[in-house]
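Down below is the structure, laid out as structure tokens.
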Amino acid sequence: MEPRTPGEIRLQRQAEPEAAIAAETRTLVIGPYHTKRDAGAEPRPALARLDEAVGLAAAIELDVADKLLVTVQQIRPSTYLGKGRVEEIAGRIEADGIRLVVMDCALSPVQQRNLEKAWGVKVIDRTGLILEIFGRRASTREGTLQVEHAHLAYQRSRLVRSWTHLERQRGGFGFLGGPGETQIEADRRMIQERMTRIERDLETVTRTRGLHRRSRRRVPYPIVALVGYTNAGKSTLFNRLTRAEVLAENMLFATLDPTARAIKLPHGETAILSDTVGFISDLPTMLIAAFRATLEDVIEADILLHVRDIAHEDAEAQGADVAQVLAELGIEPDADRIIEVWNKADLLDEAERERLLNLSRPNGAKGGTGPVLLSALTGEGIDRLMSRIEARIAAARTSFAVILEPAQGAELHWLYENAEVLDRREDASGAMHLVVRVAPEKEPRFLNRFGAARRLRGGG
């Protein structure tokens, strides 16, 4: 799909030379996983974690020459890995012509520096890799500023062997190429001054977003936000529901900047659907803080659609990771406003699909409380999801019976514009008998205009 927005066009132009560099950068991805952690609370198998790290490297088109699973019994303060393992990997790096090593863990500045000296190549950890991906994906001014601020916070305590922001003033492939040894010893004062300027700029952008959000609240429409593990299919579902053309590709972090569109629910109610950045295990805490403004739509949303790739072998662990990030944002994973969406039903075999479909059937509660099985790609189950969204919104709303005379066309128009018309009948005299559902914030205006309306039970 051709990029359409100026940000996407700029992003594509920026990515082209970087993709060429990446294609020539033979990369070794190492999964150094601690045995105690793997045997304890960590639900994700080591191989699945390593495969995800390879996917992260592929997301910025690195030439992943090999991957290596390393069992770590004790983390060494100087090099993370034991001396023998470091020497063994050094031989492998030289033999395979490796130019970049990705360590799927969090390295201290000392560990990163010592590994680079021991191996003679550039080394980045999981946090650095995710920051580089975000640098490539950010297309809005806010996203770009947040990425740069996170890069600066990450690199402030390090020898900036892998960073070129002061030289290029943008994210993406900070660890490839770059200035010489003398130039890269960062001036901490310059970094702090730049961070202070970014914080001021972000305050302005955040105020603008706040004004937009308040104006949207005045409309007002319910907000439905998509959340989920990266590559769960959120953007494909967003496109299906809105008929938009947001970038939706089979890669980690295809979406970074938030996108919002209006959608129509089955009974005509308008809602705002917001697509968000995908979550991931061990998301750097600095990014949770930096992108909190981006996730404000999630925090304030009336409905959260937790989109899961139900066909993924690691679906349960991914769901747990999303629940953890939501908890860090102050959202209880079992909150009533969360609807779990089991996506990618088209990838299931018939027996598994039937089993999950039975599990996802409504359990009798209003609107159902179980998950919704669907395929954003084929459209299967979309109607069920739309009905579930509407029912969940309706649960917090009141229904009224209204009688209008034939001449009250303006009042009828007002109801269709400002409420959900659930039922409409005409009697022999031509009077219209309607059942309408009204949002709480619109009730005062409704009752002022239709004082004779009869309140019905619940949300209708």
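When you go through Leu434, Leu385 one by one, which is the residue that is closer than 30 Å to Gln318 by Cβ and either surrounded by 14 or more Cβ atoms within 10 Å (Cβ to Cβ) or in the same structural domain as Ala315 (by TED's automatic domain parsing) (or both)? Steps first, answer last, please.
On the way: Leu434 fails: closer than 30 Å to Gln318 by Cβ.
Exactly one of Leu434, Leu385 is closer than 30 Å to Gln318 by Cβ and either surrounded by 14 or more Cβ atoms within 10 Å (Cβ to Cβ) or in the same structural domain as Ala315 (by TED's automatic domain parsing) (or both), namely Leu385.
Scan the range 388-401 and give yes if some residue there is out of contact with any Gly (no Cβ under 6 Å at 6 or more places or on another chain), free of Cβ contacts under 8 Å to residues at least 24 places away in the same chain and either surrounded by fewer than 19 Cβ atoms within 10 Å (Cβ to Cβ) or in the same structural domain as Arg44 (by TED's automatic domain parsing) (or both), otherwise no.
No, there is no match, as no residue in the range 388-401 is out of contact with any Gly (no Cβ under 6 Å at 6 or more places or on another chain), free of Cβ contacts under 8 Å to residues at least 24 places away in the same chain and either surrounded by fewer than 19 Cβ atoms within 10 Å (Cβ to Cβ) or in the same structural domain as Arg44 (by TED's automatic domain parsing) (or both).
From Ala365, Ala311, Ala293, Ala320, which residue is more than 16 Å from Glu380 (Cα to Cα), modelled with pLDDT of 85 or more and among the small types (Gly, Ala, Ser)?
Ala320
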* Asked: Only one residue in Val402, Val438 is touching a Ser or Thr at 6+ places or on another chain (Cβ under 7 Å), among the hydrophobic types (A, V, I, L, M, F, W, C) and closer than 17 Å to Ala453 by Cβ. Which one?
  -> Val438
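Under the condition of being among the small types (Gly, Ala, Ser), surrounded by 14 or more Cβ atoms within 10 Å (Cβ to Cβ) and touching a residue at least 24 places away in the same chain (Cβ under 8 Å), which residue from the range 70-103 is farthest from Leu47 (Cα to Cα)? Can you show your working first?
Here is the first cut: in the range 70-103, the ones among the small types (Gly, Ala, Ser) are 78, 82, 84, 90-91, 95, 97.
Imposing the further condition that a residue be surrounded by 14 or more Cβ atoms within 10 Å (Cβ to Cβ) reduces the set to 78, 82, 90.
Still in the running and touching a residue at least 24 places away in the same chain (Cβ under 8 Å): 78, 90.
Numbers: Ser78: 25, Ala90: 22 Å.
Per the stated criteria, the residue is Ser78.
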* Determine whether Asp282 is under 30 Å from Leu202 (Cα atoms) and either charged (D, E, K, R) or modelled with pLDDT under 90 (or both). => yes
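Let's see how each residue does on (1) at pLDDT 95 or above; (2) in contact with a strand residue (DSSP E or B) (Cβ under 9 Å, 6 or more places away or on another chain); (3) assigned to a loop (DSSP other than H, G, I, E, B); (4) in the same structural domain as Phe134 (by TED's automatic domain parsing):
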| residue | (1), (2), (3), (4) |
| --- | --- |
| Ala57 | no, yes, no, yes |
| Lys67 | yes, yes, no, yes |
| Thr71 | no, yes, no, yes |
| Val86 | yes, yes, no, yes |
| Ile89 | yes, yes, no, yes |
| Cys105 | no, yes, yes, yes |
| Val110 | no, no, no, yes |
* Asked: Based on what the data block shows, is Leu273 surrounded by fewer than 19 Cβ atoms within 10 Å (Cβ to Cβ), aliphatic (A, V, I, L, M) and modelled with pLDDT of 85 or more?
  -> no
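The values are calculated or read from the model by the stated rules, or taken from the named source; none is laboratory data. Keep in mind the model is a prediction, meaning the values are calculated, not measured. With ideal geometry, Cβ positions are generated from the backbone for all residues, glycine too; neighbour counts draw on all protein chains shown.
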